[in-house]
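Enquirer: Can you read through this structure? Questions will come right after.
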């Protein structure tokens, strides 16, 4: 696929169903993956509507959305209602599956802590599996880095369990680990990617 066949644009509410679908299929591990479809839809709607975030989608020339990237800035907060629902479902998950305790701790520290003013945070990043290795992710990340650079930010923070993606960030962006959580089934790392 040629880069000219893909455009990166801001997400809009009519993209929500496809965003949730990509999230459900490509990011099926982690706390948010355990939540109901309706709560995920509300979660992403609040990010799209919030002025302290940038929501990007990669769209093919036929109009289909094949990649997502959500960027949170200083001051970003979900509504109290969504925070309570998220925490309730996370605590319920931990009660049923104790192996998720480190994940709950990591989520509480990362998702609800203030963002540094010199950085933005990539909170959700995915490309549909049938369009991976076609530069869609690179186009989304280029957009994030260009926007961050224009805003005068010094770095980007992101968290992932995807070892291939983490290795890519470390190799391509000289990312360094600033936090982690070891679970029985995988390891989550939080990385700082400096903007050059």
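The values are calculated or read from the model by the stated rules, or taken from the named source; none is laboratory data. Source: prediction; values computed, not measured. Cβ sites come from the backbone with ideal geometry, for glycine too, and all protein chains shown count toward neighbours.
Enquirer: Taking the criterion of being at pLDDT 90 or above, in contact with a helix residue (DSSP H, G or I) (Cβ under 8 Å, 6 or more places away or on another chain) and outside any helix (DSSP H, G or I), would at least one residue in the stretch 25-47 satisfy it?
Expert: For the stretch 25-47, residues at pLDDT 90 or above, in contact with a helix residue (DSSP H, G or I) (Cβ under 8 Å, 6 or more places away or on another chain) and outside any helix (DSSP H, G or I): absent.
Enquirer: Go through the stretch 159-179 and give me each residue that's surrounded by 15 or more Cβ atoms within 10 Å (Cβ to Cβ) and modelled with pLDDT under 90.
Expert: Here is the first cut: in the stretch 159-179, the residues surrounded by 15 or more Cβ atoms within 10 Å (Cβ to Cβ) are 159-162, 165-166, 168-170, 173, 175.
If the condition is that a residue be surrounded by 15 or more Cβ atoms within 10 Å (Cβ to Cβ) and modelled with pLDDT under 90, then 159, 160, 161, 162, 165 are the ones that fit.
Enquirer: On to the next question. Among the residues of the stretch 129-146, are any under 15 Å from residue 71 (Cβ atoms), out of contact with any strand residue (DSSP E or B) (no Cβ under 9 Å at 6 or more places or on another chain), part of a helix (DSSP H, G or I) and touching a residue at least 12 places away in the same chain (Cβ under 8 Å)?
Expert: no
Enquirer: Taking only the stretch 148-176 into account, find how many residues are out of contact with any strand residue (DSSP E or B) (no Cβ under 6 Å at 6 or more places or on another chain) and within 18 Å of residue 67 (Cβ to Cβ).
Expert: Residues in the stretch 148-176 being out of contact with any strand residue (DSSP E or B) (no Cβ under 6 Å at 6 or more places or on another chain) and within 18 Å of residue 67 (Cβ to Cβ): 6 in total.
Enquirer: Let me ask another. So, residue 156, is that one at pLDDT 85 or above and under 13 Å from residue 121 (Cβ atoms) or not?
Expert: Working: at pLDDT 85 or above: yes; under 13 Å from residue 121 (Cβ atoms): yes.
Spelling it out, residue 156 is indeed at pLDDT 85 or above and under 13 Å from residue 121 (Cβ atoms).
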